[in-house]
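Asker: This is the structure I want to talk about, given as structure tokens.
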Amino acid sequence: MAPRVIGLALAAVMLSVLWVWHCTGARPVVADVHLSPPAAAGAPYRVEVVLRNEGFGGGQVDLTVRLRDQASGRTVQQSQKIALDEGETTLVVAEVLAPAGDYVPAVEVKYPPR
Amino acid sequence: MTDIARHLVREPSVGNPTEYAARVLRLALAYVGLFVLPLVGCGLLIWQAHLLVTLTQRSNVETLTLLFFLVFFVYLATLSAPGALGAARIAYYALLVRLGRDRLAVERRKARACGLPGAGEPVAALNKALERESQRGQPLCLAVADAAGSMGSLEIDGVRLWHRDARRDGSNSLLGFFVEQVNHVLQARGADAGLDVLHWKKIQDEAAEEYLSFVRFARNLEQHLGTAELWPRLILTDADCQELERRLAAICPALRDEAFLPDWEYSGEHKLPLIPEPLGLISLSRSETRVDPVASMGCAVLVVGAAVAVLALLVVFPPWVPGS
């Protein structure tokens, strides 16, 4: 009886490990964010985001960049979908057209993509 | 297979008083698990609703499945709440003993907390009649009591085994324990044994009554004809009865604990579809007349545990889904 139970438990653990190893998607993490003001009047703000995939697999992720105007609290946002491979670190450059202001960047990244 | 079915499904852990006490503990833990795990599942479903809904929608799984799981978890938690409460009461009395209170006094408190005998008095129909050597043809009565008080009595009238004055709903497991102990006692003195339960009245009311009436007819005919034995019977000596009463007394504390827990008695069926639905051309099945609550609740805990584990796995390691 005990060997059978142990065998079943081992099979369950093996299945879980294989599942995690081969079927999981990305786990994106925002490693760094850098905001550059427009180079000229009317040009977009440039947001550089370093994304790192800490998951065992890859996949498409949703990236949302928000610029929050510290004076009014209003936000300007831009979303894009990024493909990440297993273990990949990538630099994403988002150009956000926004009126002149005192902005603070906030980056949200989600997996699975909505 | 029959032994596995008996020891795992029908009458698990009825070999001796220690096993019986461990069985009650396992039943209490099963109710706790069946109460806590669904709550964890509900928590996961609500906390990670966005993620799980996204996963279902992007992986071609019906989102309604999540609602099914939510209803399933709420249903099980509601169903097992009285059992979890009973387990808490058992833990409370066990804690009192651990804290150094007098064990007998605690047992007496437990006996009072169990309440008066209820309407549910378990009855089992045996394959062989049981009689006392000194009282042939008479019903046999064995006390189920210890120093802390009575937990009723076992009455055996031919093949009818009845737990009289059982607390709350009583327990068929006590009857299973008794049958096992009779076999042990008879085997120990080299007598024929092979006593078994054929019907449980709580589960198969009509079949049990039909069988009991038939045996009653056979025994009446036996008396009328004056023959030695129309229906097979086993004879217990006075020493056997004393030994059985001693063993019944030993499980009284466990019986009091068990009285705090719901006693859900069901028959069971295991189906193995060789060609699954919707064709369903061939399927194997095996049924058991009784599934002990430890087995049924234990299986339910495993199923709920597996469901919660899969949900947790999906949350911690979201699966790969195709991009849009």
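Asker: Excluding residue B:83 itself, what net charge comes from residues whose Cβ is under 13 Å from its Cβ, given Lys and Arg +1 and Asp and Glu -1?
Answerer: Combined, the nearby Lys, Arg, Asp and Glu give -1.
Asker: Please give the average number of partner chain Cβ atoms lying within 10 Å of the Cβ of each residue in A:55-62, rounded to a whole number.
Answerer: 3
Asker: At 1.4 Å probe radius, can you tell me the per residue accessible area of segment B:88-209 in Å²?
Answerer: Ligands and nucleic acids excluded, the figure is 46 Å² per residue.
Asker: Are there residues in segment B:305-324 whose accessible area shrinks by at least 30 Å² when all protein chains are included rather than the chain by itself, and which are they (probe 1.4 Å, ligands and nucleic acids not counted)?
Answerer: B:313, B:317, B:318, B:319, B:320, B:321, B:324
Asker: Rg and Dmax of chain A, Cα atoms, in Å?
Answerer: According to the Cα coordinates of chain A, Rg and Dmax are 20.6, 77 Å.
Asker: Okay, moving on. Counting only protein heavy atoms and a 1.4 Å probe, tell me what percentage of chain B's accessible area is made up of carbon and sulfur.
Answerer: 61 percent
Asker: Where in segment A:1-92 are there trypsin sites (Lys or Arg not before Pro) that are in a DSSP coil and have at most 16 other Cβ atoms within 10 angstrom of their Cβ? Please report the intermediate quantities before stating the final value.
Answerer: Numbers: sites: A:4, A:46, A:52, A:66, A:68, A:74, A:81; in loops: A:74.
Passing sites in segment A:1-92 are A:74.
Asker: What ranking of B:18, B:65, A:64 comes out by heavy-atom accessible area, probe 1.4 Å, highest first?
Answerer: Largest accessible area first, the residues go B:18, B:65, A:64.
Asker: On to the next question. Given H placed on each backbone N at 1.01 Å, which residues far from residue B:144 in sequence or on other chains put an amide H within less than 5 Å of it?
Answerer: Distant-sequence amide H within range of residue B:144: B:151, B:152, B:153, B:154.
Asker: Please average, across the residues of A:16-29, the number of beta carbons from any other chain that are within 10 Å of each residue's own beta carbon, and give a whole number.
Answerer: 3
Asker: If you keep only loop residues by DSSP, which trypsin sites (Lys or Arg not before Pro) in segment B:63-169 have at most 14 other Cβ atoms within 10 Å of their Cβ?
Answerer: Numbers: sites: B:89, B:98, B:101, B:103, B:108, B:109, B:110, B:112, B:128, B:132, B:136, B:160, B:164, B:167, B:168; in loops: B:101, B:136, B:168.
Counting only loop positions with at most 14 other Cβ atoms within 10 Å, the trypsin sites (Lys or Arg not before Pro) in segment B:63-169 are B:101, B:136.
Asker: Name the residues whose placed amide hydrogens come within less than 5 Å of the amide hydrogen of residue B:323, ignoring near sequence neighbours (fewer than 5 apart) on the same chain.
Answerer: Amide H neighbours of residue B:323, under 5 Å, 5+ apart: A:60.
Asker: Given a 1.4 Å probe and every protein chain left where it sits, what share in percent of the accessible area of segment A:30-114 is carbon and sulfur?
Answerer: Ligands and nucleic acids excluded, carbon and sulfur give 48 percent.
Asker: Mind checking which lysines have their Cα closer than 25 Å to the Cα of residue B:201? Skip sequence neighbours fewer than 8 apart in that chain.
Answerer: Within reach: B:128, B:271.
Asker: How big is the B/A interface in buried accessible area, both sides summed, 1.4 Å probe, to the nearest 100 Å²?
Answerer: 1400 Å²
Asker: In the protein assembly as shown, if every C-alpha pair distance is counted and binned at 20 Å from zero, what percent goes to each bin?
Answerer: For the protein assembly as shown, the pair-distance distribution reads 19, 37, 23, 14, 5, 1.
Asker: Taking θ = phi - 60°, what integer Hz values does the Karplus form 6.51 cos²θ - 1.76 cosθ + 1.60 yield along segment B:205-217, in sequence order, with x for Gly and Pro?
Answerer: Ordered by residue, 3J(HN,Hα) equals 3, 5, 4, 5, 5, 4, 5, 5, 5, 5, 5, 4, 4 Hz.
Asker: Amide H neighbours of residue A:88 under 5 Å, at least 5 residues apart or on other chains, H built in the peptide plane: list them.
Answerer: A:53
Asker: With the radius of gyration and the Kirkwood radius both derived from the Cα set of segment B:27-123, what is their ratio Rg to Rh?
Answerer: Numbers: Rg = 20.1 Å, Rh = 16.5 Å.
My calculation puts Rg/Rh at 1.22.
Asker: Continuing with the same structure: Between residue B:39 and residue B:313, take the C-beta separation as r, use R0 = 22 Å, and let me know the FRET efficiency to the nearest 0.05. Provide the component values of the computation, followed by the final result.
Answerer: Details: r = 18 Å, r/R0 = 0.84.
Approximately 0.75, to the nearest 0.05.
Asker: Hey, another quick one. How big is chain B by the Kirkwood estimate over distinct Cα pairs, in Å?
Answerer: With all distinct Cα pairs of chain B included, I get 22.4 Å.
Asker: Under a point-charge model restricted to the Cβ atoms of Lys and Arg (+1) and Asp and Glu (-1), what is the dipole moment magnitude of chain A relative to its Cα centre, in debye to the nearest 20? Please report the intermediate quantities before stating the final value.
Answerer: Working: 10 positive and 11 negative charges, 79 e Å.
Value, rounded to 20: 380 debye.
The values are calculated or read from the model by the stated rules, or taken from the named source; none is laboratory data. Quantities reported herein were computed from a predicted structural model and do not represent experimental measurements. As a convention, Cβ positions derive from the backbone with ideal geometry for all residues, glycine included, and neighbour counts pool all protein chains shown. SASA here: full protein model, heavy atoms, side chains in, ligands and nucleic acids out. Shrake-Rupley method; radii C 1.70, N 1.55, O 1.52, S 1.80 Å.
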